[in-house]
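Okay, so here's the structure we're looking at.
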There are 2 protein chains.
Amino acid sequence: MSIEVFPVNDLPIFHEDDDFPEEICKKFDFEEGDILCVASSVYSKTKGFMKKMADISPSEDAKRIAEKCGEDPRFVQMVLDTTEDLIIEHPFILSQVKCGHVGVRAGVDNSNVEEGIIIYLPPDPMGSAEEIKNRVKGLTGSDIRVIITDTCGRSFRRGQTGVAIGWAGMTAIRDFRGDTDLFGRVLEITEEAVVDEFAAFSNFIMGESNNGVPAVVFRNAPEWKGHDELYFRPEEDLTRKALKNLK
Amino acid sequence: MSIEVFPVNDLPIFHEDDDFPEEICKKFDFEEGDILCVASSVYSKTKGFMKKMADISPSEDAKRIAEKCGEDPRFVQMVLDTTEDLIIEHPFILSQVKCGHVGVRAGVDNSNVEEGIIIYLPPDPMGSAEEIKNRVKGLTGSDIRVIITDTCGRSFRRGQTGVAIGWAGMTAIRDFRGDTDLFGRVLEITEEAVVDEFAAFSNFIMGESNNGVPAVVFRNAPEWKGHDELYFRPEEDLTRKALKNLK
């Protein structure tokens, strides 16, 4: 059986206090088990996870870093405010936000919002995914699964891809431990970051520009078993250690 | 319109000299523009990109590294043979192969092959993708697009995902440069690694274990414009530099 992937078309431009799940349900008929991927930027906008640049007073630290990486100091202040672990300051700011996700500028963004406004990532994306799941259940009666996505860069490879920052109704990782290969041997590659694989392809459909679509639905995707330990702990994260040591 | 994603089911277990594209065409009716994702491991097997462990004489370097990272020295020798730039030796070997892809153990693998055999990545995956594309055209008359996938880990995040190592009939990167956002401003995120987004989701469908599927087809995917510079040049690759500097 094939998996079908639908853009949710004809959604309005969203503003603060809009009911994002309700608008999606008006445009799309969910079935039990569907996986809804939602762009964190648009979700953040409806939830008011944004700030006016004019209302931000940058600290000395923000000014120093802004100078180094050529950003607006108020933008950098917003990045620092949502950062839990600052990994590098230059040539770009790379940091870990509270939920565990590591991204350039902590995912703070000024695309697709009004001039002078910046958006930050949902502070509790797991809770956000659960909230959207429950809201869709309430509106439609359907038990769906939800992934909140962000777009970010990678090591070694150019270009951004979609990644998951929150999920509900599934585990982040599919765990093959104990499974065997074609020849009966226990597999060495045992953990697959399934939520990121869905987030990646949903990002292709979402696009980035003015004709972007902030919601994508996967239908007929099987379930899997695993766990939610999607992020390396800092002490086991070799890249983080290496980048922090970089002169 | 939705995008449909099909596993190519009921394929045989493949051996050296099997005609992989022909077997796929026996089980799947291609349409013009379909995107076929192919697992590099199975493609390598049909092409004989593998070696008997017993035929490998490890060098002193291979023995030294094997000792450090707890691998078989012959396995390490195969990794070194396909490596163009060794990034780290320990706690695992991370290196860049000739095509530009960076992976743990240079993508050398012993899953889903007979005992005592190891598989290496296709040495020219761009050529392989083109060859599969042409073969399907010859067999079916359909112009399809092809991605060769590998499975590998990432920085910061646990778990493997699918990535592209070769492609034909498309560009690796979708380039939004010049596009504007909802409010008419030129986008800051301008490059999207689309081939990796397809490879990632195809990997979810392929699976890793004994019921794995080595070929997945995407139907109705739109075309995009961009370029093929998927890999950072070493001198612009911060993570590579940082990992090489790590004590």
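Checking A:Phe30 against (1) away from chain B (no Cβ under 11 Å); (2) buried (at least 17 other Cβ atoms within 10 Å of the Cβ); (3) within 25 Å of A:Cys152 (Cβ to Cβ), only one condition comes out false. Which one? Failed condition: (3).
Looking at segment A:83-97, can you tell me whether even one residue there is away from chain B (no Cβ under 11 Å) and out of contact with any helix residue (DSSP H, G or I) (no Cβ under 6 Å at 6 or more places or on another chain)? The answer is yes, given that some residue of segment A:83-97 is away from chain B (no Cβ under 11 Å) and out of contact with any helix residue (DSSP H, G or I) (no Cβ under 6 Å at 6 or more places or on another chain).
Quick one: would you say B:Lys51 is buried (at least 21 other Cβ atoms within 10 Å of the Cβ) and among the basic types (Lys, Arg)?
So B:Lys51 fails the test.
Residues in segment A:186-204 that are more than 10 Å from B:Phe201 (Cα to Cα) and either touching a residue at least 24 places away in the same chain (Cβ under 8 Å) or surrounded by 15 or more Cβ atoms within 10 Å (Cβ to Cβ) (or both): A:Leu187, A:Ile189, A:Thr190, A:Glu191, A:Glu192, A:Ala193, A:Asn203, A:Phe204.
Residues in segment A:169-209 that are assigned to a loop (DSSP other than H, G, I, E, B) and either more than 7 Å from every other protein chain (Cβ to nearest Cβ) or in contact with a Pro (Cβ under 7 Å, 6 or more places away or on another chain) (or both): A:Gly169, A:Met170, A:Thr171, A:Ala172, A:Arg177, A:Gly178, A:Gly184, A:Arg185, A:Thr190, A:Gly207. Output the number of residues of segment B:66-101 satisfying the condition of being part of a loop (DSSP other than H, G, I, E, B) and among the aliphatic types (A, V, I, L, M). Summing the residues that are part of a loop (DSSP other than H, G, I, E, B) and among the aliphatic types (A, V, I, L, M) in segment B:66-101 gives 1. Screening segment B:111-124 for residues that are away from chain A (no Cβ under 14 Å) and crowded, with 17+ Cβ neighbours inside 10 Å and picking the one that is nearest to B:Glu31 (Cα to Cα) gives B:Pro122.
Sub-9 Å Cβ pairs linking a first residue in segment A:13-37 that is assigned by TED's automatic domain parsing to the domain that holds A:Pro222 to a second residue that is assigned to a loop (DSSP other than H, G, I, E, B) and among the hydroxyl-bearing types (Ser, Thr, Tyr), at least 6 apart or interchain, are A:Asp29/A:Ser142; A:Phe30/A:Ser142; A:Glu31/A:Ser142; A:Glu32/A:Ser142; A:Gly33/A:Ser142; A:Asp34/A:Ser142, ordered by first then second residue.
Results for (1) small (Gly, Ala, Ser); (2) closer than 24 Å to A:Val216 by Cβ; (3) under 22 Å from the mean Cα position of the chain (by Cα), shown as yes or no for each residue.
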{"position": "B:Ser142", "(1), (2), (3)": "yes, no, no"}
{"position": "B:Thr190", "(1), (2), (3)": "no, yes, no"}
{"position": "B:Val195", "(1), (2), (3)": "no, yes, yes"}
{"position": "B:Asp228", "(1), (2), (3)": "no, no, yes"}
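Is segment A:142-157 home to any residue that is crowded, with 19+ Cβ neighbours inside 10 Å, more than 10 Å from chain B (Cβ to nearest Cβ) and assigned to a loop (DSSP other than H, G, I, E, B)? Yes. When B:Arg233 is tested against (1) away from chain A (no Cβ under 11 Å); (2) surrounded by fewer than 17 Cβ atoms within 10 Å (Cβ to Cβ), exactly one condition is not met: (1). Regarding B:Lys63, is this residue farther than 22 Å from B:Ser142 by Cβ, touching an Asp or Glu at 6+ places or on another chain (Cβ under 7 Å) and either part of a helix (DSSP H, G or I) or modelled with pLDDT under 95 (or both)? No, not satisfied. Mind checking whether some residue in segment B:59-73 is surrounded by fewer than 22 Cβ atoms within 10 Å (Cβ to Cβ), away from chain A (no Cβ under 14 Å) and closer than 24 Å to B:Pro125 by Cα? Among the residues of segment B:59-73, not one is surrounded by fewer than 22 Cβ atoms within 10 Å (Cβ to Cβ), away from chain A (no Cβ under 14 Å) and closer than 24 Å to B:Pro125 by Cα, which makes the answer no. Per the conditions (1) farther than 30 Å from A:Gly159 by Cβ; (2) assigned to a helix (DSSP H, G or I), the sole criterion not satisfied by B:Pro58 is (2).
The values are calculated or read from the model by the stated rules, or taken from the named source; none is laboratory data. Note that the coordinates shown come from a computational prediction; the quantities given were computed from them, not determined experimentally. Here Cβ is always computed from backbone atoms with ideal geometry, including for glycine, and neighbour counts include all displayed protein chains.
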